[in-house]
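Q: This is the structure I have questions about; it appears just below.
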Amino acid sequence: MDKWLEKDLVLRMISLLLAVLLWITVTEHSFSSFSTKGSTIIHDVSVQVKYDKEQFELLSQPSKVELKLYGDKQALNNVPGTYRVFVDAQEVGAGEHRLPVQVEGLPFGVKGEVEPKRVKVELAQKVQKEMPVQVDIIGNVPEGLHIDKPVVTPSKVLVRGTEPNLDQVKTVKAVVYLSDHTKSMETVVRLQAYSEKGPIHKVKITPDVASVKVPISIPHKKVPISIEVKQLPAKGYAVERIHARQDQVTVYGPKEYIENIQYYIGPQLDLKDARKDMTISVPVPLHNGALRVEPKEIEIYVKIVSAEQKRLDNVPLTVTGRKEKQKVDILSPSGGNMNITLSGAPRNLLGINQSDIKVLIDVSGLSEGVHEVPIRFILPNFIQVVGQTNPKAKIGIR
């Protein structure tokens, strides 16, 4: 053993080991002399609760606690705000529990203690029931239109919550707002649960939205369409007939308007340049009172032929607009009759006589004395009077 210790290498290794141990001892003492400890207290810290929110509802928030932090002073000055104070209620059932308060998210070198160490947590079991969806319509449609029964999809939903809250739910509503709509509408609305006192927000509705179709019916009637000729063809030509491929239209409008309509005044045709047969598509005008007309356009065939003339003699003038006890003498044309020449398609002129013609003079609003008044003709379709430019009659009123 003595010989082993006499070896120079062994003595050197022992010396080095003793030096290292001495350095560690001095260094540790030096570091500990510079290390400082500290603590701080945070009051009124909120406690979060971890629990199964699908199955339970937290009836009340746990009381706040006091958090004491201690450890390295420098670390205490840099505690992030992301730490959490919580209780874990994921493994407990419904009812009242006293659970330990835990702290997580503190930096290295800092520890925390809470007071009180346990807090009360009360959970209530959630239940669910199936309920129908009720549609509430807010707003109006124009007068004469009617809102039919809305269609909602889905028609039933699941309402989930604690039993006391669920007992308060009386209806689940989809509220639809109308603003003078004239056509059926479809919209997606968020559902809301209601008690007898108003909305309830502490329940969950699945699904929480619904699609609602609101049918808006408009009174309508199918009636004949009247096609008028605004301007007949030029001299030498005549309209023999006009045929609309669809001679009836469906008119939509307020109830009173639809009840009284017997026919619908259609487009007015300007045929002043017509020289031959033609087929045209023209829009159907929308008159006051009508909300919609179908079809919106009709196809019309017009047959154009060479015109002929026919003379009618001694056609009597008829006086309109005469007051009671008022006497009207027709001074001219002589005898209160006039000769007129008609122009039209040969087929249409055939068989026309005086009974088919009305020659009118209107004396409405005229006082006693002699007056000149316009002569107006009421003629069969597509027939016109020729050789008369602004015809007038001379009358005496007494």
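Please treat every number below as a calculation from the coordinates, not as lab data. Just so you know, these numbers come straight off a predicted model, no measurement behind them. We place every Cβ from the backbone using ideal geometry, glycine too, and count neighbours over all the protein chains shown.
Q: Can you pick out the pairs among LYS235/LYS303; LYS310/LYS392; LYS276/LYS310; LYS230/LYS394; LYS235/LYS394 whose Cα atoms lie more than 19 Å from each other? Walk me through the numbers before you get to the answer.
A: On the way: LYS235/LYS303 16 Å; LYS310/LYS392 21 Å; LYS276/LYS310 22 Å; LYS230/LYS394 29 Å; LYS235/LYS394 29 Å.
Pairs exceeding 19 Å: LYS310/LYS392; LYS276/LYS310; LYS230/LYS394; LYS235/LYS394.
Q: Could you compute how fast the chain diffuses translationally, taking Rh as the Kirkwood radius over C-alpha pairs and applying Stokes-Einstein at 37 °C with viscosity 0.692 mPa s? Give it in µm² per second.
A: Answer from the Stokes-Einstein relation: 99 µm²/s.
Q: Could you pull out which residues in segment 284-300 have an amide N less than 13 Å from a spot 7 Å beyond the Cα of ARG245, following the Cα-Cβ vector?
A: Counting only backbone N, you get 295-300.
Q: If you average 1/r across every pair of different Cα atoms in segment 97-157 and take the reciprocal, what Kirkwood value do you get, in Å?
A: Averaging 1/r across every pair of different Cα atoms and inverting gives 18.5 Å.
Q: I would also like to ask the following. Taking every pair of Cα atoms in segment 48-180, average 1/r, invert it to obtain the Kirkwood radius, and report Rg/Rh to two decimals. Show your work: numbers first, answer last.
A: Working: Rg = 24.8 Å, Rh = 19.5 Å.
My calculation of the ratio gives 1.28.
Q: Consider just the alpha-carbon atoms of segment 37-125 and return their Rg together with their Dmax, both in angstrom.
A: 14.5, 47
Q: Next up: Which residues does a label at ILE261 reach in segment 288-302, if reach means a backbone N under 18 Å from a point 7 Å past the Cα toward the Cβ?
A: Backbone N within reach: 288-299.
Q: Spin-label point model (7 Å from Cα, Cβ direction): what's the SER60 to MET278 distance in nm?
A: Reported label-point gap for SER60 and MET278 is 8.9 nm.
Q: Related question: Roughly what angle does helix 8-34 make with the longest principal axis of the chain, taking Cα atoms, 0 to 90 degrees, to the nearest 10?
A: 60
Q: Calculate I(q)/I(0) for segment 126-217 by the Debye formula, one identical point scatterer on each C-alpha and no solvent, and give its log10 at q = 0.12, 0.13, 0.14 Å⁻¹ to two decimals.
A: Calculated log10 I(q)/I(0) at the listed q: -0.40, -0.46, -0.52.
Q: For the chain, what is the calculated [θ] at 222 nm in deg cm²/dmol (nearest 500), taking -39500 (n - 2.57) for each run of four or more DSSP H residues and dividing by its residue count?
A: -3500 deg cm²/dmol
Q: Using the Cα atoms as the points, what is the convex hull volume per residue of segment 220-306 in Å³?
A: Numbers: hull volume 6.9 nm³, N = 87.
With only Cα atoms used, segment 220-306 gives 79 Å³ per residue.
Q: What FRET efficiency comes out for ALA94 versus GLN168 if R0 is 22 angstrom and r is the Cβ-Cβ distance? Round to the nearest 0.05.
A: Calculated value: 0.70.
Q: Contour minus end-to-end for GLN125 and ILE41, with contour as 0.36 nm per residue of separation and end-to-end as the Cα-Cα distance?
A: So the chain would gain 26.6 nm between GLN125 and ILE41.
Q: Run the numbers for LYS325 and LEU350: contour at 0.36 nm per residue of separation, minus the present Cα-Cα distance, in nm.
A: 5.0 nm
Q: Cα-based Rg (one decimal) and Dmax (whole number) for segment 309-397, in Å?
A: 14.1, 45
Q: Oh, and also: Please give the length that would be gained between VAL175 and ALA234 if that part of the chain were fully extended, namely 0.36 nm times their separation in residues minus their C-alpha to C-alpha distance (nm, one decimal). Display every interim value, and only then the final one.
A: On the way: separation 59, 0.36 × 59 = 21.24 nm, distance 6.24 nm.
Full-extension gain reported as 15.0 nm.
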